[in-house]
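Asks: Here it is, the structure in full.
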Amino acid sequence: MIEIQNVSKRYGNKYAVKDVTFTINKGEILGFLGRNGAGKSTTMNMITGYISSSAGRILLDGYDILKNPREVKRQIGYLP
């Protein structure tokens, strides 16, 4: 399960992603739709640990991706 809890990403004074919350259960498929600059890639990069969030928490099977990056990266694969 992937849990996104009040996640935001700021670059300077501009939000790329602001206060996003959702859960993806095992076996579910999720797609991101939105216009250019909506924060789709930024959100995926935070979920996979390529960049850190400015606020909020991201958990993968209960592991916080910032506190347990090695454990999380062992469990995921991502091809942009």
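Values in this text are rule-based calculations from the coordinates and carry no lab data. Values in this document were obtained by computation on a predicted structure and should not be read as measured data. Ideal geometry is used to build each Cβ from the backbone, glycine not excepted, and the neighbour counts take in all protein chains shown.
Asks: Over segment 1-75, calculate the relative contact order: mean separation of alpha carbon pairs under 8 Å at least 6 apart, over the residue count, as a percent. Don't skip to the end; give the middle numbers.
Replies: Working: 115 pairs, mean separation 26.8, N = 75.
Relative contact order, segment 1-75: 36 percent.
Asks: Mind jotting down the distance between the C-alpha centroids of segment 3-17 and segment 31-60, whole Å?
Replies: So the two Cα centres are separated by 8 Å.
Asks: Find, among the GluC sites (Glu not before Pro) in the chain, those assigned to loop by DSSP (not H, G, I, E, B) with at most 10 other beta-carbon atoms within 10 angstrom. Provide the component values of the computation, followed by the final result.
Replies: Working: sites: E3, E28, E71; in loops: E28.
Within the chain, the qualifying GluC sites (Glu not before Pro) (loop, at most 10 other Cβ atoms within 10 Å) are E28.
Asks: Could you give each residue of segment 5-21 its phi-based ³J(HN,Hα) in whole Hz, using Karplus coefficients 6.51, -1.76, 1.60 with θ = phi - 60°, and x for Gly or Pro?
Replies: 10, 6, 7, 9, 9, 10, 10, x, 9, 10, 8, 8, 9, 9, 6, 8, 9
Asks: Starting from 0.36 nm per residue, how many nanometres of slack lie between I76 and D64 once their C-alpha separation is accounted for? Walk me through the intermediate numbers first.
Replies: Numbers: separation 12, 0.36 × 12 = 4.32 nm, distance 1.35 nm.
Here the answer is 3.0 nm.
Asks: So, one more: Can you check how the C-alpha radius of gyration of the chain compares to 2.2 N^0.38 Å, as a plain ratio? If you can, show how the numbers build up before the last one.
Replies: Values: Rg = 12.1 Å, N = 80, 2.2 N^0.38 = 11.6 Å.
Expressed relative to 2.2 N^0.38 Å, the Cα Rg reads 1.04.
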